[in-house]
Amino acid sequence: MFFCLCFLASPSIKLLVDDPIVVNPGEAITLVCVTTGGEPAPSLTWVRSFGTLPEKTVLNGGTLTIPAITSEDAGTYSCIANNNVGNPAKKSTNNIVRALKKGRFWITPDPYHKDDNIQIGREVKISCQVEAVPSEELTFSWFKNGRPLRSSERMVITQTDPDISPGTTNLDIIDLKFTDFGTYTCVASLKGGGISDISIDVNISSSTGKITFGHQRRRHNRTAMSSHWKT
């Protein structure tokens with residue numbers, strides 16, 4: 001007669017990756033999950049918080065690789081260990097794919113409202129907004145006719161509270177003068193690099209016209225917009 005003194009233990013695991021993982025589109029990411037306990041040895045499974053794993057995912061035991069990641073592949077990925085003893089163990093990490101998109105601007109007062117005219121001597125605010133991932137890496141720069149602008153008493157540059165209007169910067173021109181006419185450019189960038197900037201042009205002139213949309217360049221995503229009004 002044989003006796004088996006079997007010791008059973010619920011699984012435990014750890015992830016050998018950062019949380020979150022921030023990458024540029026096109027890069028490959030590898031998520032590594034290892035067991036740190038459990039008897040019998042647990043099986044390891046990777047799942048995604050919503051939907052299925054991307055079709056291009058490569059699985060090798062507790063290692064998950066996503067080649068050429070895209071924004072659609074972003075989200076929370078979890079490793080689950082199960083050996084039918086106690087509760088399964090679960091560890092998760094959030095994959096963030098850098099992105100800049102949907103650049104737009106607006107002017108206060110609005111030159112296209114008849115009751116809200118822009119005049120010499122008045123204050124004019126140009127606001128620029130983009131969608132950024134991750135938002136904490138977003139930075140803005142302002143230029144006039146291609147030259148960098150710095151915040152001053154007459155040209156006040158601010159960034160709106162992200163809880164009120166995320167991804168928004170403002171240029172306040174105090175006491176508008178004829179010398180203020182020109183092309184103002186708002187450039188949005190991500191500190192992590194690897195992503196083309198978004199550049200928005202606003203042309204302030206004494207002629208009348210309409211808003212026009214430009215084109216995007218491969219290495220420098222540029223959305224050109226112009227606004228003209230009569231003084």
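Computed from the coordinates by the stated procedures, all read-outs in this text should not be read as laboratory data. From a predicted model like this one, the values you see are computed outputs, not experimental measurements. Note: ideal-geometry Cβ built from the backbone for every residue, glycine included; neighbour counts use all protein chains shown.
Taking the simple approach of a point 7 Å from Cα along Cα-to-Cβ for both residue 191 and residue 104, what is their distance in nm? Going by the 7 Å Cα→Cβ label model, 2.7 nm. Were the residues from residue 164 through residue 53 laid out at 0.36 nm apart, the gain over their Cα-Cα distance would be 36.5 nm.
A simple packing score, the average count of other Cβ atoms within 10 Å per residue, orders the peptides 64-77, 183-196, 142-155 as 183-196, 64-77, 142-155, with the highest score first.
For the pairs 56/91; 101/191; 90/191; 102/191, flag any whose C-alpha to C-alpha distance is greater than 26 Å. Intermediate results must be reported in sequence, preceding the final value.
Numbers: 56/91 22 Å; 101/191 15 Å; 90/191 32 Å; 102/191 18 Å.
Over 26 Å apart, Cα to Cα: 90/191.
The charge dipole of the stretch 20-143, taken about its Cα centre with unit charges on the Cβ atoms of Lys, Arg (+1), Asp and Glu (-1) only, comes to about 60 debye.
Which FRET efficiency value, to the nearest 0.05, is calculated for residue 135 and residue 92 with the Förster distance at 22 angstrom and r the Cβ-Cβ distance? So the FRET efficiency works out to roughly 0.60.
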